[in-house]
Every structure is written in structure tokens, then in C-alpha cells.
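Asker: After the C-alpha cells below, expect a handful of questions from me.
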Amino acid sequence: MSWTRKLLRVNLSTGTCTAEDLNMEWAQKYLGSRGLATKYFIEETDPKVDPLSPDNKLIMSTGPLTGTCASTAGRYTVVTKGALTGAIACSNSGGFFGNELKNAGWDMIIFEGKAEKPVYLKLINEKAELVDASKYWGKSCWDTEEGLKADLQDPQARVASIGVSGEQGVKYACIVNDMDRAAGRSGVGTVMGSKNLKAVVLRGTRGVRVDDPIAFMDATNAGKAVLAENPVTGQGLPTYGTQVLMNVINEMGAMPTRNFRDVQFEGAANISGEKMHEVRADGTKNLVTNAACYGCTIACQRVSTVERTHYTVKDRPQYQGASGGLEYEAAWSLGSECGVDDIEALTFANFICNEQGYDPISFGATVGAAMELFEMGVLTLEHTGGIELKFGNAKALTDCAELVGKAEGFGAELGLGSARLCEKYGHPELSMSVKKQEFPAYDARGIQGMGLTYATSNRGACHLRSYTVSSEVLGIPEKTDPLATDGKAGLVMAFQDATAAVDSSGLCIFTTFAWSLEDIAPQVNAACEGDWTVESLLECGERIWNMERQYNLAAGFTGKDDTLPKRLLKDAAKTGPAKGKVSGLDKMLPEYYEIRGWDANGVPKAETLNRLGLS
Amino acid sequence: MQKALNINADKCTGCLQCEVACSFEHTGTFNPSKSRIKVFKFHDEGRFVPYTCTQCAEAWCLQACPVEAISYDAETGAKVVADSACVGCKVCTIACPFGTVNYVPDTGKVAKCDLCGGDPKCATACPTDAITYVDASMTGLEKMRAWAAKTDAGLQAEA
Ligand code: SF4
Ligand code: SF4
């Protein structure tokens, strides 16, 4: 019952908005959000479709828990074929957009076709309307959000929009909501831009119901107590955010540095969560406060300011206020990946990523690759428009950030992403990516499970498909040796399946530092029809994983794409506990295929598909 | 002992659990738009401020209502709207200097905080203790304690 049982179909080519009943049979098999949206997407599109063609679709979807009082239940997912990867893309975002969509009475919105001119969708409860967005085209996410709220005369409206980078085809553009939350990866914002869809503005006042309110209150309260008592979700994340990891990962020698040439960054302490708490020369701190997404009792979000005297904001009052601060991934990609340890410059670059709507992970990693090309002399000052693109140059980083925001000059080149950029300049081996998507902040040589995670991730390199860091570093649910490859195939598969289920429920994956499916199943079960147990959720997750895999195979990927760049497979880590190690992917991958029930080429066997009801 | 809601905005993370709990108590659905407590976000300052009715002793809303739909609950101190009597004239929404009584188009009545009959759900739901329900004559206790800590003998000796 916590599904609204309604979806909105928006045909941008014809300008029509139609309500449809949700396919409840599919909801029982794929739950919601990531799983259900992917099912719709796959049923309705040709896997060979060009991501930027009008025939690609883009789905925004909530899960059954979205909009309820469960902790972290504000999330929504964007599913499409990724502009960066050409693989299934599935990016989720917190903030307050998902719960508002649900409150407006919708489980999902399917966008199809392409508008002739820029438009935005205005959705106020059941009333949907496409509105001319020409006055917002060319505007940042921040200006668009503020402008739309003013136009609507409703400060309580919620907005998800793309910036200029999404309009101009930067391959890793994202969709930003609530100023600094984003469906960040794989270029979902680029697809939105290709449809001439600038934004969605929402207001929902209908209310969200659950199947069994009494059981639901019991289950969600029990869950909240577990989060409060857990040291990671109750202490670490609220205090330091995901930045709690910076020094930890660096010490274990798994901090990719200067385009993965090194695995430890000498400047890590300067860009860490602890640093954000230090008092600066002017008496302020980088960190203003922590903050929460809708319903979240963890509150990991960072709210930061750039020091007013810093070169990036000195004469620019619009950047002197507080905004979304550095998460670990951004601090890594903008920081150690580029060899930059000026935390104020990183904070500013992160502001620009949010303001202009592009993914800081792919951006930072692309700059890192470009810096290596520059130091090799392959890229020159002529290419960069005069930017001294050397590792460690903070000004070069922030200049690049502004250029990508406008998709201008060298910014357009950086907007290609590292795979296309390195290919263009004759060094494809220097792109630290899988399926053209850049790695996040964990070196696969120092945390072996993450190598398998990246190689097999359905959306290209990503930590959020199976965060084995939990087990290999933090010991959750139990400690495994980060340098060992034994047992990692099973670990990765277990994380992948559980994560797919959590992503499909509408919850934030950070709850799983404290929650297992034992905590989650009763919440889902009380919220919606059907029999939701640990087992049925795991099976649902496995089904979703295999469905995504099938899509990628149909899109043209093969087992050969389940690999890592040579640097991780051949060049040993130079320092730290992983010194002398390369990724043992070759040892893990065959076992992974086998326990997945896939053949030696990574194709799911007929019996596997039958068992999961996918044939 | 009468109790009052005590709000400490410094602790608020903007999670809206209070709004969600309030709406669930009063409408049976999770619906922040129907909450009687509102959390305001001041984005550029990084501040969240929960705001609701303070249950004025001499309540303007109660005085203004022409049909006596707002009454005083002696036990909790709350000023409570009787839906059966409210005619939706909205005079109370004008009279309240703080904006905490509001008209609900769906019902044709006004709604305001009623302290949930003495068990305010916002305070229970708040994960950070930004909202607590405390002795109405001692809402300053926490601040007093904080200042007391700064003026103790040890600190004075140091200075
Ligand atoms: S843990 Fe962080 S990202 Fe997840 S819902 Fe809470 S504030 Fe948002
Ligand atoms: S529940 Fe508490 S922390 Fe959350 S918004 Fe309300 S007052 Fe703030």
C-alpha cells in the first residue's frame, strides 16, 4: 500500500502527460526505485539505443519506503542508459525530492522522446504540465531551483534540475536537487539535457500511507534505535561524514593518488574530515554543521564555507555562503587524485560541481588523468588554454571546474570523461575507469574486493554497488582481510544483491553500516503488500542484478568488459601495507561467475534465469 | 506540572522527522505539508530552525475566534481547535502574531499544534533532541546549565 500505484508518463515529443496504473505484478518482483524502474526501462527501450537519442528514456522512481517515517526514506532513483557508459545507469539521490514525488501521489515518472524546445515539468499533486524553460536554459542548478520556486510562489516546492554541463553534453552531468544533493553518476543529467528537459518542480500534499501502521511504527522505531547506537551511523557519520574515511584509507595504502600512480597521499590529513573541524585563521571552520536528507536520523551531510579570503571566493560573494561540503569521494577525486591538498580549493570546486551539475568523482578523476597527460607532454598549454595542469596545482583544478561548468574551451574536452579523453590523445591505458566510468576512492590493490566490485559493477566503476569496504576495512558485518582474494567473490555477490534490494526500497545505503536485511525486511514488510523477508529481499536483489547484467549484455558488453586498467593489474602498489600488490582480479572473477550461475564468459545460465523468473 | 516544547535550533539537522510524526499523528499519513511544526532551512547560513506554536498564555487566536472553537486544555496548557466548532473563518490565523495557526483547505478548518494531548510526537521523533518536552517553568534549564559550566570555580581559577 505504500506504493501509490500510479506512474506518470511524460512524452516530451508530443508534450503529453498521462497517468497509468503501476504494474503491481512487477512491484512484487522488483520492489521499487532501482529495481522496478529498471524493469520498466528494459521492457520499454531497445538495449542498443544511443543514450542521447530521443528513443532513450529516463525514469525517476521512488521506492515503497520513500516518503514514510523510516530513517533515510527520502531517496529516489534515476534509471536510464548512461551517457558516460552506454550501460544501464542507475543513480540515486537523497535530499527532499523523492518524498515530495511520493507525496504528490506518484511512484515514478517516465520521460520519453525529446522536447522541441527546453521545457520543465511542473507537477503539483495530480496536475502535470510541461512549461517553457527557455528562460532557465543556460542557467545553473542553483539559479534554476531558486527561480522556479519564485515563479511558483512556493518556497516549499522541490526542484531537480540540470546545469549548463547537462545541457551541453558533458558526459558525466548529474541531476541536482535541493541545491547540493545529486543523482550523480553515469551521466544521467546528460541524458536529461539531450531531451531538452531542464527541470522538474514538485509539490506534493497528498500524504503517504503504509499497509500496517502499527507494525510499521514498531519496525521503524527499532531501526532508528539501532542506527543511534551504532558507532558509525550514530557517531562517525554525523561528526565527520563520509570523510571519516580519509585518514583510515590513506593509512592502509588504498588511497588512489595522482591518477593511481601512488596509493598514499602525503596531503591526506589536510583534506580530511578532521581538517574540516579545525579553526581557520579567521576564526571560522570549514564545516558549518552536519545536515540530514529527508527523514534521516544519521545526518551525514556536510555543510561548509570556503574561507572568505581564499582566492576562489574573495571577490565573489555568491560563493561565500554555506553550501554542500566535501564528502569523502569528492575530497578524494578533487584532492589526492589530483595531488591537491588545499581543502578550501576542493570545497570551492565541489560547490561548482553542485552549482553547475556534474559529478565530482568523474570530473576529478578526469582532471587527474589529464594532469598525467600534461606532465607527459601529450597535453600542452595550447590544449589547456594556458592552464598549468600539473599535479598539485589547486588553481588549475578550480579553473578546470569552472570551465567544465560552462563546457567551454578545455572544459569541453574534460567533459568527455577520462576514457574518451585519454583515447583521443592516444593513451587509453591512462583512464582509470571501467565501462568508461571513473573509479571512486578506493584502490583495488589495497582493498581487493573493490577490484572485483569495480570490474563487475553494472553501471561501470562504482563503490555503491557492493561496498565491501564495510567488511574489508570496517569489519561490518565481519572483518575480512583487504589484501586477500579468497572469499571475495562470495562477499561481492552478497553485497551486490543486498544493495540492489536496499536501493529498491527507497532507503539510503549508509543505513547498512548498522542495518542488515534483518532490520530492513520488517520495515518493508509492514509498509507494503506481499511477503517481504530477508530471503525474498535477497532474491529480489539477485534478480535485479541479473536483470541489469542481461541488459548490459544485450547492449553489447561482454565478459571482456569485466576488467580493470592495466595499472591496477600490473603495476604494484609502491608504499604502505599493500606494497608490492596488484589487483588479483584474475583469481576472483572466475569464481564470481561460477557462484553467480553464469558461464565462463559471464553470461547468466538458463537455469539461473529460470530460478530468478527472468527467462 | 505543565510542560512545554523546548526548541534548540542548534541541534537541528533538518531531517523533518518532527514534521512527519506530526502529520502522521493528525492525519494518519506521512505528509509534511500537513505538519503543525515547520522546519525552516537557511541554506546559505547552514541553519535549520524548527518553529511551532508556543501556546501563549493569553492566546490571540483563542481571543479572536468568534465561535469559541479554540479552547484551553488546562492539563497541557495547549490551545486546542475543536474541528466540530471551527467554521474556517481564519480570523485566528490573522490574529496569531507568529503564523502558527493555519487554514487547511482540505478540511475547511484551521490547524495548530495541540501538543498531541500531552505526548508531542515531534519531540519523540526528533533524533537530536532539538525538540524536547520539558517543565514549562524551566525551559531555560539547559541554557542555564551550559552557562553554569562556563562559570564554575575551576574555569574562574584558570582565568
Ligand atoms: S546517511 Fe547521509 S546521505 Fe544517507 S540519507 Fe542520511 S544524510 Fe542523506
Ligand atoms: S526532528 Fe529534530 S532534527 Fe529533525 S528536523 Fe525536526 S527538530 Fe530538526
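Asker: Could you grab me the full set of residues in the stretch B:24-36 that are in a helix (DSSP H, G or I) and either open to solvent by 30 Å² or more (accessible area, probe 1.4 Å) or at the interface with chain A (Cβ under 7 Å from one of its Cβ atoms) (or both)?
Answerer: Scanning the stretch B:24-36 gives B:PHE24, B:GLU25, B:HIS26, B:THR27, B:SER33, B:LYS34.
Asker: Among the candidates A:GLY32, A:GLY67, A:GLY95, A:GLY82, which residue alone is in contact with an Asp or Glu (Cβ under 6 Å, 6 or more places away or on another chain), open to solvent by less than 10 Å² (accessible area, probe 1.4 Å) and not hydrophobic (A, V, I, L, M, F, W, C)?
Answerer: Result of the check over A:GLY32, A:GLY67, A:GLY95, A:GLY82: A:GLY95.
Asker: How many residues does the stretch A:503-541 hold that are assigned to a helix (DSSP H, G or I), within 17 Å of A:VAL492 (Cα to Cα) and more than 20 Å from the chain's Cα centre (by Cα)?
Answerer: The number of residues fulfilling the criteria is 5.
Asker: Still on this structure, please answer the following. Counting just the residues of the stretch A:215-238 that are within 15 Å of A:HIS277 (Cβ to Cβ) and crowded, with 16+ Cβ neighbours inside 10 Å, which one comes out farthest from ligand 2 (Cβ to nearest atom)?
Answerer: Per the criteria, the residue is A:GLY236.
Asker: Then there's this: Out of the residues in the stretch B:1-17 meeting the condition of being closer than 13 Å to B:TYR133 by Cβ and in a loop (DSSP other than H, G, I, E, B), tell me which one is nearest to ligand 2 (Cβ to nearest atom).
Answerer: Looking at residues that are closer than 13 Å to B:TYR133 by Cβ and in a loop (DSSP other than H, G, I, E, B), I get B:ASN8.
Asker: Of all residues in the stretch A:276-304, how many are more than 16 Å from ligand 2 (Cβ to nearest atom), hydrophobic (A, V, I, L, M, F, W, C) and buried (at least 16 other Cβ atoms within 10 Å of the Cβ)?
Answerer: The qualifying residues number 2.
Asker: Let me ask something else about it. State yes or no: is A:PHE391 open to solvent by 20 Å² or more (accessible area, probe 1.4 Å) and in a loop (DSSP other than H, G, I, E, B)?
Answerer: Yes; evaluated as a whole, the condition is true for this residue.
Asker: Please list, ordered by first then second residue, the pairs with beta carbon atoms under 8 Å, 6 or more apart or interchain, first in the stretch B:104-130 and away from chain A (no Cβ under 14 Å), second aromatic (Phe, Trp, Tyr) and away from ligand 2 (no atom under 16 Å from the Cβ).
Answerer: From residues that are away from chain A (no Cβ under 14 Å), the pairs are B:LYS109/B:TYR103; B:VAL110/B:TYR103.
Asker: Can you tell me which residues in the stretch B:8-21 are in contact (Cβ under 8 Å) with a residue 60 or more places away in the chain and buried (at least 22 other Cβ atoms within 10 Å of the Cβ)?
Answerer: B:CYS12, B:THR13, B:CYS15, B:GLN17, B:CYS18, B:GLU19, B:VAL20, B:ALA21
Asker: Taking the stated definitions as given, is A:GLU307 acidic (Asp, Glu), surrounded by fewer than 24 Cβ atoms within 10 Å (Cβ to Cβ) and assigned to a loop (DSSP other than H, G, I, E, B)?
Answerer: So A:GLU307 fits the description; yes.
Asker: Write out, first by first residue and then by second, each pair whose Cβ atoms fall under 9 Å of each other, whose residues are 6+ apart or on separate chains, and whose first residue, in the stretch A:281-301, is of a type in the set (S, T, N, Q) while the second is assigned to a strand (DSSP E or B) and away from ligand 1 (no atom under 15 Å from the Cβ).
Answerer: From the stretch A:281-301, the pairs are A:THR289/B:ARG47.
Asker: OK, next. Within the stretch A:325-350, track down each residue that is assigned to a helix (DSSP H, G or I) and more than 17 Å from A:PRO256 (Cβ to Cβ).
Answerer: Selection gives A:ILE343, A:GLU344, A:ALA345, A:THR347, A:PHE348, A:ALA349, A:ASN350.
Asker: Out of B:VAL39, B:VAL20, B:VAL80, B:VAL49, report the one residue that is β-branched (Val, Ile, Thr), facing chain A (nearest Cβ under 8 Å) and not in a loop (DSSP other than H, G, I, E, B).
Answerer: B:VAL20
Asker: Here's something else I'd like to know. Residues A:GLY253, A:GLY335, A:GLY339, A:GLY324: which one is within 14 Å of chain B (Cβ to nearest Cβ) and surrounded by 22 or more Cβ atoms within 10 Å (Cβ to Cβ)?
Answerer: Every option except A:GLY324 fails the conditions.
Asker: For the stretch A:287-303, check the following and say yes or no: at least one residue is at pLDDT 95 or above, away from chain B (no Cβ under 11 Å) and not in a helix (DSSP H, G or I).
Answerer: no
Asker: Quick test for you: out of A:ASP178, A:ASP132, A:ASP143, pick the one residue that is within 14 Å of another protein chain (Cβ to nearest Cβ), open to solvent by 50 Å² or more (accessible area, probe 1.4 Å) and at pLDDT 95 or above.
Answerer: Sole residue among the options that is within 14 Å of another protein chain (Cβ to nearest Cβ), open to solvent by 50 Å² or more (accessible area, probe 1.4 Å) and at pLDDT 95 or above: A:ASP143.
Asker: Assuming A:GLY94 fulfils every condition listed in (1) in contact with a Cys (Cβ under 7 Å, 6 or more places away or on another chain); (2) away from every other protein chain (no Cβ under 14 Å) apart from one, which condition is it?
Answerer: With respect to (1) in contact with a Cys (Cβ under 7 Å, 6 or more places away or on another chain); (2) away from every other protein chain (no Cβ under 14 Å), A:GLY94 is out only on (2).
Asker: Just checking, which of A:PHE510, A:PHE557, A:PHE495 is crowded, with 20+ Cβ neighbours inside 10 Å and in contact with a Cys (Cβ under 7 Å, 6 or more places away or on another chain)?
Answerer: The unique qualifying residue is A:PHE510.
Asker: Can you tell me which of (1) within 14 Å of another protein chain (Cβ to nearest Cβ); (2) touching a helix residue (DSSP H, G or I) at 6+ places or on another chain (Cβ under 7 Å); (3) more than 16 Å from ligand 2 (Cβ to nearest atom) is the one B:TYR72 doesn't meet?
Answerer: Every condition holds for B:TYR72 apart from (1).
Asker: Going through B:CYS116, B:CYS96, B:CYS61, B:CYS56 one at a time, which residue ends up being within 16 Å of ligand 2 (Cβ to nearest atom), open to solvent by less than 40 Å² (accessible area, probe 1.4 Å) and within 16 Å of the chain's Cα centre (by Cα)?
Answerer: B:CYS116
Asker: Taking the condition of being out of contact with any Phe, Trp or Tyr (no Cβ under 7 Å at 6 or more places or on another chain) and open to solvent by 90 Å² or more (accessible area, probe 1.4 Å), how many residues in the stretch B:37-53 meet it?
Answerer: 3
The values are calculated or read from the model by the stated rules, or taken from the named source; none is laboratory data. Every value quoted in this text rests on a predicted model; they were computed, and no experiment measured them. Glycine gets a Cβ as well: all are built from the backbone with ideal geometry, and neighbour counts include every protein chain shown. Keep in mind that these areas ignore ligands, DNA and RNA; they rest on the heavy atoms of the full protein, side chains included. Shrake-Rupley method; radii C 1.70, N 1.55, O 1.52, S 1.80 Å.
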